[in-house]
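One structure below.
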Amino acid sequence: MTFLLVWVRALVGFTLIALVGCATQQASLAPQPLDSFARSGRFALRVEEPLSPAQAVQGGFSWRDANGRLELDLTNPFGNILARIEVTGKRAVLTQSNGVKLEALTPEELVKTAVGEAIPVKNLRTWLRSQTSAEPAMTRVSRDEQGRVASFEQAGWRVELSRFDASGPRLLVLSRQDDAKKIVIRLVVDGT
């Protein structure tokens with residue numbers, strides 16, 4: 001398995017964790033009903049490690065969140081589905097383009113199986129909705145001219161939100177740096 005494929009799986013895992021959201025109380029940046037939500041667009045993931053060439057993957061995403069069911073399609077740049085992720089209150093399923101399925105009771109378990117390690121990011125779902133979770137606390141918060149939160153640090157990630165519409169940010173840039181690697185994920189929303 002190539003390193004790039006591992007990172008595609010890592011992106012899938014990152015998104016799975018995000019789909020489950022946080023069970024903690026949320027502080028809304030722009031109120032929005034939680035029963036139905038849809039966004040689509042493009043993603044780019046770049047991983048840099050010392051003494052290694054940078055690895056990158058990009059494609060599209062289609063996110064549908066309604067009636068307690070979350071569904072995410074990740075596509076390659078040509079529009080072909082790389083993976084479909086479905087999360088309900090009872091299970092999380094990852095279906096790869098070759099038909100192979102991975103299933104677990106929770107998205108966290110599924111990520112551990114798919115990627116081989118736990119990924120601690122649990123907040124993307126709330127960030128896409130212009131919300132933050134109450135725990136862990138946000139730091140280094142900055143706001144735009146309209147008073148919306150434009151950037152902050154939470155759960156080890158630097159989050160930048162911009163190009164807002166009525167549903168939330170249309171551009172999200174997430175970055176994380178540690179001694180071994182730097183990860184940058186860019187989500188550009190161009191549809192609902």
Residue 182 versus residue 98, label points 7 Å from Cα toward the beta carbon: distance in nm? 3.4 nm
List the residues of the stretch 81-97 whose backbone N lies under 11 Å from a point placed 7 Å from the Cα of residue 113 along the Cα-to-Cβ direction. 91-95
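In nm², what is the average projected area of the convex hull enclosing the Cα atoms of the stretch 52-102?
Numbers: hull surface 19.4 nm².
Seen from a random direction, the Cα hull of the stretch 52-102 projects 4.9 nm² on average.
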Overall Cα dimensions of the stretch 129-192, principal axis frame, Å, largest first: 37, 24, 20
Gain on full stretching of the segment that runs from residue 66 to residue 163 - 0.36 nm per residue minus C-alpha separation: 32.5 nm
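Relative to the present Cα-Cα distance, how much length would full extension add between residue 140 and residue 78 at 0.36 nm per residue of separation? Can you show the working numbers first?
Details: separation 62, 0.36 × 62 = 22.32 nm, distance 3.79 nm.
Result: 18.5 nm gained on full extension.
With a 1.4 Å probe and all protein chains kept in place, how do 84, 39, 163 rank by accessible area, largest first? Before the final figure, lay out the partial values.
On the way: 84 85, 39 0, 163 140 Å².
So, going from the largest accessible area down, we get 163, 84, 39.
Which FRET efficiency value, to the nearest 0.05, do you get for residue 153 and residue 105 by plugging their Cβ-Cβ distance into 1/(1 + (r/R0)^6) with R0 = 30 Å?
On the way: r = 31 Å, r/R0 = 1.02.
My answer for the efficiency is 0.45.
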Can you give me the distance in nm between label points at residue 40 and residue 171, each placed 7 Å from the Cα along the Cα-to-Cβ direction? 2.2 nm
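The values are calculated or read from the model by the stated rules, or taken from the named source; none is laboratory data. It should be emphasised that the depicted structure is a prediction, and the values quoted were computed from it without experimental measurement. No Cβ is skipped: glycine too gets one built from the backbone with ideal geometry, and neighbour counts run over all protein chains shown. Accessible surface is based on the protein model in full, side chains and every heavy atom, while ligands, DNA and RNA are left aside. Shrake-Rupley method; radii C 1.70, N 1.55, O 1.52, S 1.80 Å.
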